[in-house]
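Notes to accompany the following structure.
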There are 2 protein chains.
Amino acid sequence: MEKPIGIFDSGMGGLTVLAELRRTLPDEDFIYLGDTARVPYGSRSARTVERYSLEVADYLMQQGVKMLVIACNTATAHAYKSLRQKLPVPVVGVIEPGVAALLRATKNRRVGIIGTRSTIRSGSYEQALKAHDPELSVFSKACPLFVPLIEEGWMDKKITALVIEEYLSEMVREEIDSIVLGCTHYPLLRPAIQKIYPDLQLIDSSVEVARSVARELLERKLQHIEKRERGKLRILLTDVTDQLRQLEQLFLGMTVEHLEEVQIDPHA
Amino acid sequence: MEKPIGIFDSGMGGLTVLAELRRTLPDEDFIYLGDTARVPYGSRSARTVERYSLEVADYLMQQGVKMLVIACNTATAHAYKSLRQKLPVPVVGVIEPGVAALLRATKNRRVGIIGTRSTIRSGSYEQALKAHDPELSVFSKACPLFVPLIEEGWMDKKITALVIEEYLSEMVREEIDSIVLGCTHYPLLRPAIQKIYPDLQLIDSSVEVARSVARELLERKLQHIEKRERGKLRILLTDVTDQLRQLEQLFLGMTVEHLEEVQIDPHA
């Protein structure tokens, strides 16, 4: 039996990455776990985010995944290293692919990073960027209002435009030319941000993540062999509410027949 | 040894209730537990909120509390009944006191309720109000942007005024005369709401909760006997981040010397 690729996020935002993975790798089976009973990771401490991520990864390993994709910037920031060390399967995070894309995009070597409080506080993007190019000027900003605005579906409202300016105007004044959308929700704000700042290059790392995963599968000879129309998809959530069906449509562009609710046992 | 009063919330918002309790009952000892590792409860399912609330209450019972105050509207909506049944100590929630205050405040019997998605979805306020007065016209609205706006400290910004109008204009057009602030964060938005709608009566249930607790202590002869300057206060959190110090100042009006981090064992 072919094994699925495991992918997890603190909630539903990682579905934007899943959607991209399915476009790039239509033959593969995927199992997505959203830790909706403990979302958002973005406002929590590094230690708690690491603990939650390890618990979720253990659960997916028990489901027999052949590879793990961390489709959450905060979890990548705080748990990528531990997961690489501990898991017997390849692990792909969202930060390195985003960093690679940002480095290719910038012309003036002045770049921006936006994300949750916890991702920004971690300094993970800065460290990865500086490791590649110590001379880069990096400006970062936590944007905690973006996720709830997106989840309200207010992408086109004047309120959202004002919040975007509130968060980004300072780094735009610093003449950055590219910015990485360092949270899997943010690609949904792309049109609204681009409308206000048409010259800014907005990096959505999900495309780059899908490429990394495809490359890794190939190198490790883990690709799905048999050709078919479309691989299987399971979506597991640790808490299911009415609102999630709407978010699923928003982030994944489709509705899955059955959202499975699972409980993660921290003592497993 | 005198026993403390236990008080819990999903996070830091319940500190507004704690502040009021300490003003009303300066002799009492308090132990506050904020479940910051799993905040917010307001976007979760009823079942998950109930489970988390029971775990938190168990933890406080192990600390030897003489009474439990649920300083969280969402937890009151979903766990008040279970906690009343299961705990051997008196339990006070925030909904009944808020309902009593709202019923006293309204002249035209057209009232509003605002809160988290989960509180509004529960219909708890409506049910309690209708039980007292079946003829009341009740309008309710979930306001999920209010908490992150408050936690950003944006109470005076134009963005916040726009969000307030977005959420409240419809029920104001329905000519409500009073509205209950059905989330412990919301009292901090009181000045901003009052500025836009000066004629609206805004009900902050924490004053009423403190009165209920005082009455209950008296009836059950549980008051602290010995007179003193000020009772003891312990603040326990399930996750401690830098941001919490700022919220503590915002909600409690003071900084506590030591925030204790505790882990709640769901299998206790």
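The values are calculated or read from the model by the stated rules, or taken from the named source; none is laboratory data. For clarity, every value in this text was computed on a predicted model and none was experimentally measured. Don't worry about glycine lacking a Cβ; one is built from the backbone with ideal geometry, like all the others, and counts go over all protein chains shown.
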Exactly one of these conditions fails for residue A:130: (1) more than 12 Å from every other protein chain (Cβ to nearest Cβ); (2) in contact (Cβ under 8 Å) with a residue 12 or more places away in the chain. Give me its number. (2)
Within the bounds of region B:10-20, is there any residue that is under 15 Å from the mean Cα position of the chain (by Cα), more than 17 Å from residue B:204 (Cβ to Cβ) and assigned by TED's automatic domain parsing to the domain that holds residue B:212? yes
Quick one: residue B:189 ticks every box in (1) surrounded by fewer than 16 Cβ atoms within 10 Å (Cβ to Cβ); (2) out of contact with any strand residue (DSSP E or B) (no Cβ under 6 Å at 6 or more places or on another chain) except a single one, so which number is it? (1)
Restricted to region A:144-200, and to residues that are in contact with a Ser or Thr (Cβ under 6 Å, 6 or more places away or on another chain) and among the polar types (S, T, N, Q), which residue is modelled with the highest pLDDT? A:178
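Only one of A:81, A:107 is of a type in the set (Lys, Arg), away from chain B (no Cβ under 14 Å), farther than 21 Å from residue A:201 by Cα and surrounded by fewer than 20 Cβ atoms within 10 Å (Cβ to Cβ). Can you tell me which?
The conditions single out A:81.
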Just need a number here: residues in region A:80-111 that are assigned to a strand (DSSP E or B) and under 17 Å from the mean Cα position of the chain (by Cα). 2
Does residue A:102 qualify as being within 19 Å of residue A:20 (Cβ to Cβ) and surrounded by 20 or more Cβ atoms within 10 Å (Cβ to Cβ)? yes
Of all residues being crowded, with 16+ Cβ neighbours inside 10 Å and either under 23 Å from the mean Cα position of the chain (by Cα) or not charged (D, E, K, R) (or both) in region B:163-176, which is farthest from the other protein chains (Cβ to nearest Cβ)? Just the residue, please. B:176
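Based on what the data block shows, is residue A:77 in the same structural domain as residue A:235 (by TED's automatic domain parsing) and over 23 Å from residue A:223 (Cα atoms)?
The answer is yes for residue A:77.
Condition check ((1) farther than 19 Å from residue B:29 by Cβ; (2) of a type in the set (D, E, K, R); (3) in contact with a strand residue (DSSP E or B) (Cβ under 8 Å, 6 or more places away or on another chain); (4) away from chain A (no Cβ under 14 Å)) across all residues:
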residue	(1), (2), (3), (4)
B:210	no, no, no, yes
B:218	no, no, no, yes
B:233	no, no, yes, yes
B:245	yes, yes, yes, no
Regarding residue A:6, is this residue under 30 Å from residue B:149 (Cβ atoms), touching a residue at least 24 places away in the same chain (Cβ under 8 Å), touching a helix residue (DSSP H, G or I) at 6+ places or on another chain (Cβ under 9 Å) and not acidic (Asp, Glu)? no
Among the residues listed as B:255, B:160, B:238, the single one being exposed (fewer than 15 other Cβ atoms within 10 Å of the Cβ), more than 24 Å from residue B:108 (Cβ to Cβ) and polar (S, T, N, Q): B:255
Specify which of the listed residues (B:220, B:215) is over 19 Å from the mean Cα position of the chain (by Cα) and either outside the structural domain of residue B:59 (by TED's automatic domain parsing) or loosely packed, with under 13 Cβ neighbours inside 10 Å (or both). B:220
Would you be able to tell me the number of residues in region A:192-218 that are out of contact with any Leu (no Cβ under 7 Å at 6 or more places or on another chain), within 20 Å of residue A:18 (Cα to Cα) and of a type outside the set (Gly, Ala, Ser)? 8
Being outside the structural domain of residue A:256 (by TED's automatic domain parsing), touching a helix residue (DSSP H, G or I) at 6+ places or on another chain (Cβ under 9 Å) and in a helix (DSSP H, G or I) is true for just one of A:121, A:23. Which residue is that? A:121
Residue match in region B:134-150 (condition: among the polar types (S, T, N, Q), surrounded by fewer than 17 Cβ atoms within 10 Å (Cβ to Cβ), within 24 Å of residue B:96 (Cβ to Cβ) and away from chain A (no Cβ under 14 Å)): yes
